[in-house]
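Only one structure is covered here, and it is reproduced in the block below.
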Protein chains: 6
Amino acid sequence: MKLKIINPNTTQSMTDKIGQCARTVASPDTRIIAVSPRMGPASIESHYDEALSVPGILEEIRLGEADGVDGYVIACFGDPGLYAAREMARGPVIGIAEAAMHMASLIGTSFSVVTTLARTCNIAWHLAERYGMERFCRNVHACDLPVLELERPGSDARRIITESCRQALAQDRSDCIVLGCAGMTDLCEEISEAIGAPVIDGVVSAVKMVESLVAIRLRTSKRGDWARPLPKAYAGMLAPFAIN
Amino acid sequence: MKLKIINPNTTQSMTDKIGQCARTVASPDTRIIAVSPRMGPASIESHYDEALSVPGILEEIRLGEADGVDGYVIACFGDPGLYAAREMARGPVIGIAEAAMHMASLIGTSFSVVTTLARTCNIAWHLAERYGMERFCRNVHACDLPVLELERPGSDARRIITESCRQALAQDRSDCIVLGCAGMTDLCEEISEAIGAPVIDGVVSAVKMVESLVAIRLRTSKRGDWARPLPKAYAGMLAPFAIN
Amino acid sequence: MKLKIINPNTTQSMTDKIGQCARTVASPDTRIIAVSPRMGPASIESHYDEALSVPGILEEIRLGEADGVDGYVIACFGDPGLYAAREMARGPVIGIAEAAMHMASLIGTSFSVVTTLARTCNIAWHLAERYGMERFCRNVHACDLPVLELERPGSDARRIITESCRQALAQDRSDCIVLGCAGMTDLCEEISEAIGAPVIDGVVSAVKMVESLVAIRLRTSKRGDWARPLPKAYAGMLAPFAIN
Amino acid sequence: MKLKIINPNTTQSMTDKIGQCARTVASPDTRIIAVSPRMGPASIESHYDEALSVPGILEEIRLGEADGVDGYVIACFGDPGLYAAREMARGPVIGIAEAAMHMASLIGTSFSVVTTLARTCNIAWHLAERYGMERFCRNVHACDLPVLELERPGSDARRIITESCRQALAQDRSDCIVLGCAGMTDLCEEISEAIGAPVIDGVVSAVKMVESLVAIRLRTSKRGDWARPLPKAYAGMLAPFAIN
Amino acid sequence: MKLKIINPNTTQSMTDKIGQCARTVASPDTRIIAVSPRMGPASIESHYDEALSVPGILEEIRLGEADGVDGYVIACFGDPGLYAAREMARGPVIGIAEAAMHMASLIGTSFSVVTTLARTCNIAWHLAERYGMERFCRNVHACDLPVLELERPGSDARRIITESCRQALAQDRSDCIVLGCAGMTDLCEEISEAIGAPVIDGVVSAVKMVESLVAIRLRTSKRGDWARPLPKAYAGMLAPFAIN
Amino acid sequence: MKLKIINPNTTQSMTDKIGQCARTVASPDTRIIAVSPRMGPASIESHYDEALSVPGILEEIRLGEADGVDGYVIACFGDPGLYAAREMARGPVIGIAEAAMHMASLIGTSFSVVTTLARTCNIAWHLAERYGMERFCRNVHACDLPVLELERPGSDARRIITESCRQALAQDRSDCIVLGCAGMTDLCEEISEAIGAPVIDGVVSAVKMVESLVAIRLRTSKRGDWARPLPKAYAGMLAPFAIN
């Protein structure tokens, strides 16, 4: 099985880390391809960044389809472009917020999300609502760390995030923690041990979910609003995105 | 007051029609600027089209800010890029689905949406939920007309849409109709007379809402997740979108 | 356009203040008529007061209809008698809680209400639910000020309310403030400057909403439960309210 | 125990019928007092009628308090003035829609409401929501009968209502029927036998609920927004309603 | 009327206390039969205990049906086996959480639950949701007392629970308290006096509700999923539970 | 990995079929153990059957724990005893309704459930609500087939179920079908081909979910109400279930 993970930002060190973590949990017969798009923001920390990460994601889906990819993971906690990607792909497409929240709801009665900047908390709440997971989400907490601080050697991010997780758990009286950024994927086990509670990372969760859907031969239904987009002209710089 | 209406698709005839309808209701001291973006899809009929209309919308916001625009309308019933636009603009930004649903909830206990293609009905439902208007929305109906059929001279669209509105009203026992496409803006009064019930068009609704917000000096709050995006690098074709 | 604002309590100083604030935002061709009913409570601070303000409101609607009024504002944050008034009026009728909450939802992801007495907080919550605005309302705060304290020269109300707004914003991490009493209408801009966030007053919001609805020719739908009341006898002191 | 049933309309034949049905289920030591107010509409079929029934109800509560009444039933399916009445009364006050919906939720997984005019269906839905009973309410059906048709000798109401109940049950696949008008109280057992399903009448339900609350010494909490109204002046015709 | 109260745990002292409290509020013509099942847990403090209390409850229902019982109360705050019991009984069956929450919603705008162990708080929330009472439930508080501590002579439970109720009321700004354990039934009046607010006990509430339903001849509807179970074989130790 | 599937009814042919279907999708290193409990109903078609299937399920969990099982599937669409099982097991426990609904929400915007008897439809709705999947569930349809008819050689079940699925899809305009009975597991692919839409079977879905959770080392959180039950005495026939 070919499984493509798209890190929607263009920071290669994060893409590499995501690819490595994914490979530790993938089945032996799964080939993990981790990429950043050719265009878009260095990190995603606003609706603006999120919106402008989508063209690059959709290009990667198009390339993936040509390359025979069986399923996709969108590895940013805002799940940007998820529905547009589902329209374009034959196989399943899963967002990491989606995957992590679903997994959390299977092992606890409630979860707390710990994410980077406060301004993205609403995005997490909207996704929780969209996926039906709002009832399990006790709260969304920000560590006030920019996304790329997670990539900076010598950063104090690891300690700060662990502490935020510990506080979230106590304050919310929740059962487990959902990590709110793909860049935290390598911290999952360590934090879980430190705080003594399950910690859910969306990257590895999404990899297993895509593998599961492929294994039981479930693909995105094309009967409704995720049918393939209709052919039409595209103008200007976006002309290459036209559907024929 | 300078009020810019962005028709997110690149079909100029629709943009012209939208501008004309807007001018019929605008206050004497409001100058309406109606534009299509320089890039993007000819019409918006999928999540894919919607996502790829956003870069062009955001470029128009950037140009508008440089041009001293006081407020914006996004004139596509999916309200694409609304939150990203709010991050970038100083004045208020209103989507036409948002405007029409709010107005409908002020004059009836329930409304029915009549839109173009069935595959976009879910988008309308999601917006209704997002805006708190789900409780007023009895149903979303599709006429199975492509968006550009509304622009084709000699098309039967006018009759088909009127009939759909009449049926929606009877079937849902609703109080009024919300038109689910910017391209229907010129049909509003005629359909209202034909079916004997209020019909709400988002274009004119949004124009009056933006004027109202500007008149009482309310702008998007910059305290939360609609604060101005953080400066960062953008790669590839999207490099011009970088925030400094 | 004739726009009648009904202050449902009988305190003339508040009615005058409401009229003045309304006139500062009204369009040049709008004539503002601000009145108190001939009967009812001096202030509205309970379900009992609210219920007994309604006959006076409905009398004013009847007089307004005879007088050719184009639209109405009910200027008490409990929006008393709103639906009954809609049944009686030809033009639109808007409540100030309704107007303020809708406006707030257009410029922020969340709002906090700051009102007078704690016993009225539930009324605000019920209205938020009724209008679909509950999802935007983070909390309702009381200053523990009686309504008429806002009218007392030399009162400390201005300082107390400003402080409550500041605290509400911080505590709720909300984007903006909705003022929960018509008597606060003159404090809106001052508080906004003091706390550095948008503050929404229902009186001016409602004036612009009624003007907007009239401008785009939308009236209360008479198809549903807001149809004109059926003719019938009324007994006793209320006999003059009989519909013929 | 003195239990006062207030029929909010001024039609004495309906008040008598309500009193008789209440007495058939009351405990031996309960004295039922059934009254119509001295003022207000002959029947309640709109928000307007409902609002104007409240002064008369509140007068009856005041008289009841002076008379040592232990608890009250408001016998109109819109439950008009319920919260204002709770502020004024020492003992419990129950509305018949409230009582019927609660009882229905204890004996079935879902109920259908069958009421008089279509224009009141929304009122029933709003009450269901207010009481937390929306999840049990499958639908609200109107028979298109004016309320006073139920009082007209020789009317076909009995047959029409029975038929509506039968259809509602089949169409909604619900477990039981809630009768949506106090004037249907005498039809309850007969319809239940005719359609072979439980039929719930709010009048008898409310009588037993008030008796139950009194028996276990539960009264309206005065800690929140149902505390006694504050003293203040009332103007004009409503001056007698002033609280001292 | 024969009314059987099933205390689902096997601790006889609690059953006796429940029976005594029930008798103080029962109507003169009601005969209260209070029992513990012959099998099952000594106390109910987990989903496991709850699930394994159900066979014993169902046996008691079967015996009650043979004995001509008119209605049942399940006297554990988790309302275990409620729907299965409704399938088996001819008369009404009420759970004490159900009864207490309904009663609370009739006398206050909000309630707080005070229960025993923190691990059961979710069960209370799920029931509140199931019964439509979630909107009235401000919070669920645990005293961290094991259930049987309530039965231990010399225990400090009375003081601890009273203190928890006082704190819950203040912290939640709620109108009244719902006691979250059948074993607290004898503390109800005392706590109410101590904290100066209504306190609702499910045991006495349920007794009056069953009496009310029987008085107005309402029984569980057998049209839906509470119809009598279908005949079938049962294997092993549970063979006696087979339906013929 | 040892994965135990518990078919909560005692019908061995269904257990065998479930085991076979599970093995077709399991990973090479997963050993599937499919069992029926030693006690309980031959099929589950009521709350009564469901409640009485739980002791047998819990016994199988106890045996599984002694046997080193890594994770469990409860293979009845009512997910009986799920939370009690989670308290007792070290590894994850997944119900098949839970698994199927989650999977469906990942590949479509909406699903329809097709189940056996109408009286179980409410159970499916309650589970959808519990899992946050209610917003994706358009409707629950019954084929009016008893569960064991699925096991009867020569039965017409296959045709009837396929037809129900086809109708459900058309009527609900949903994107995919969720099969509402473990006994339908072998029909999944065939129906999918017949109706041209994804069909989701809970048995294979749950197998992949348990495998996924084990692969990423997520176990039920023991911090909240799914902690191990407290030690206590059990009386009568259920004495062996006592926790030490």
Any residue at all in segment D:21-34 that is farther than 17 Å from D:Pro55 by Cβ, in a helix (DSSP H, G or I) and either touching a Gly at 6+ places or on another chain (Cβ under 7 Å) or free of Cβ contacts under 8 Å to residues at least 40 places away in the same chain (or both)?
yes
Out of C:Cys165, C:Cys121, C:Cys137, sole residue that is farther than 19 Å from B:Arg223 by Cα and out of contact with any Gly (no Cβ under 6 Å at 6 or more places or on another chain):
C:Cys121
For segment C:196-206, name all the residues that are assigned to a loop (DSSP other than H, G, I, E, B) and either of a type outside the set (A, V, I, L, M, F, W, C) or modelled with pLDDT under 95 (or both).
C:Gly196, C:Pro198, C:Asp201
C:Ala97 fails exactly one of the following numbered conditions: (1) touching a strand residue (DSSP E or B) at 6+ places or on another chain (Cβ under 6 Å); (2) closer than 18 Å to C:Val207 by Cβ; (3) surrounded by 23 or more Cβ atoms within 10 Å (Cβ to Cβ). What is the number of that condition?
(1)
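Every residue, every condition in (1) farther than 19 Å from B:Leu230 by Cβ; (2) buried (at least 24 other Cβ atoms within 10 Å of the Cβ), yes or no:
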site: A:Lys4; (1), (2): yes, yes
site: A:Arg31; (1), (2): yes, no
site: A:Val35; (1), (2): yes, no
site: A:Met39; (1), (2): no, no
site: A:Ile57; (1), (2): yes, yes
site: A:Glu60; (1), (2): yes, yes
site: A:Glu65; (1), (2): yes, no
site: A:Asp70; (1), (2): yes, no
Answer yes or no: is there a residue in segment B:57-67 that is away from chain A (no Cβ under 14 Å), at pLDDT 95 or above and in contact with a strand residue (DSSP E or B) (Cβ under 8 Å, 6 or more places away or on another chain).
yes
Test: B:Ala170 is within 14 Å of chain C (Cβ to nearest Cβ), at pLDDT 95 or above and in a helix (DSSP H, G or I):
yes
Is there any pair with a first residue in segment B:129-145 that is within 17 Å of B:Ala99 (Cβ to Cβ) and of a type in the set (D, E, K, R) and a second that is outside any strand (DSSP E or B) and modelled with pLDDT of 95 or more whose Cβ atoms are under 8 Å apart and which are 6 or more apart or on different chains, and what are they?
B:Glu129/A:Glu129; B:Arg130/A:His126; B:Glu134/B:Trp125; B:Glu134/B:Ala128; B:Glu134/C:Gly132
When restricted to E:Glu163, E:Glu189, E:Glu193, E:Glu211, the only residue part of a helix (DSSP H, G or I) and surrounded by 24 or more Cβ atoms within 10 Å (Cβ to Cβ) is E:Glu211
State all residues of segment A:166-183 that are free of Cβ contacts under 8 Å to residues at least 60 places away in the same chain and under 16 Å from A:Ala118 (Cβ atoms); if no residue qualifies, say none.
A:Gln167, A:Ala168, A:Gln171
Filtered residues of segment E:35-52 (kept if assigned to a loop (DSSP other than H, G, I, E, B) and out of contact with any Asp or Glu (no Cβ under 8 Å at 6 or more places or on another chain)):
E:Ser36, E:Ala42, E:Glu45
Please indicate, with yes or no, whether at least one residue in segment E:169-188 is touching a strand residue (DSSP E or B) at 6+ places or on another chain (Cβ under 9 Å) and of a type in the set (Ser, Thr, Tyr).
yes
Pairs, first more than 7 Å from chain C (Cβ to nearest Cβ) and under 17 Å from B:Glu98 (Cα atoms) in segment B:209-221, second outside any helix (DSSP H, G or I) and among the aromatic types (Phe, Trp, Tyr), C-beta under 9 Å, six or more apart
B:Val210/B:Tyr72
Can you name the condition, by its number, that D:Thr10 falls short on among (1) within 29 Å of D:Trp125 (Cβ to Cβ); (2) outside any loop (DSSP other than H, G, I, E, B); (3) among the polar types (S, T, N, Q)?
(2)
Checking B:Gly183 against (1) buried (at least 24 other Cβ atoms within 10 Å of the Cβ); (2) modelled with pLDDT of 95 or more, only one condition comes out false. Which one?
(2)
From the option list E:Ala239, E:Ala227, single residue qualifying as outside any helix (DSSP H, G or I), surrounded by fewer than 19 Cβ atoms within 10 Å (Cβ to Cβ) and within 14 Å of chain F (Cβ to nearest Cβ) is E:Ala227
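Give me the strands (runs of 3 or more DSSP E) completely within segment D:64-152, filtered to those with at least 3 residues that are small (Gly, Ala, Ser) and under 13 Å from the mean Cα position of the chain (by Cα), ordered by residue number.
It comes to none.
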Residue hits (segment F:5-33; of a type outside the set (Val, Ile, Thr) and either within 14 Å of chain E (Cβ to nearest Cβ) or within 22 Å of F:Val147 (Cα to Cα) (or both)) are F:Asn7, F:Pro8, F:Asn9, F:Gln12, F:Ser13, F:Met14, F:Asp16, F:Lys17, F:Gly19, F:Gln20, F:Cys21, F:Ala22
Evaluate segment A:137-147: report whether one residue or more is surrounded by fewer than 24 Cβ atoms within 10 Å (Cβ to Cβ) and within 8 Å of another protein chain (Cβ to nearest Cβ).
yes
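To keep it simple, each residue is scored yes or no on (1) closer than 30 Å to B:Met101 by Cα; (2) out of contact with any helix residue (DSSP H, G or I) (no Cβ under 7 Å at 6 or more places or on another chain); (3) within 14 Å of chain D (Cβ to nearest Cβ).
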| site | (1), (2), (3) |
| --- | --- |
| C:Val35 | no, no, yes |
| C:Arg38 | no, no, yes |
| C:Glu45 | no, no, yes |
| C:Asp79 | yes, no, yes |
| C:Ala89 | yes, no, yes |
| C:Val93 | yes, no, yes |
| C:Ile96 | yes, no, no |
| C:Leu117 | no, yes, yes |
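The values are calculated or read from the model by the stated rules, or taken from the named source; none is laboratory data. Note that the structure is predicted; figures quoted are calculated from it, not measured. As a convention, Cβ positions derive from the backbone with ideal geometry for all residues, glycine included, and neighbour counts pool all protein chains shown.
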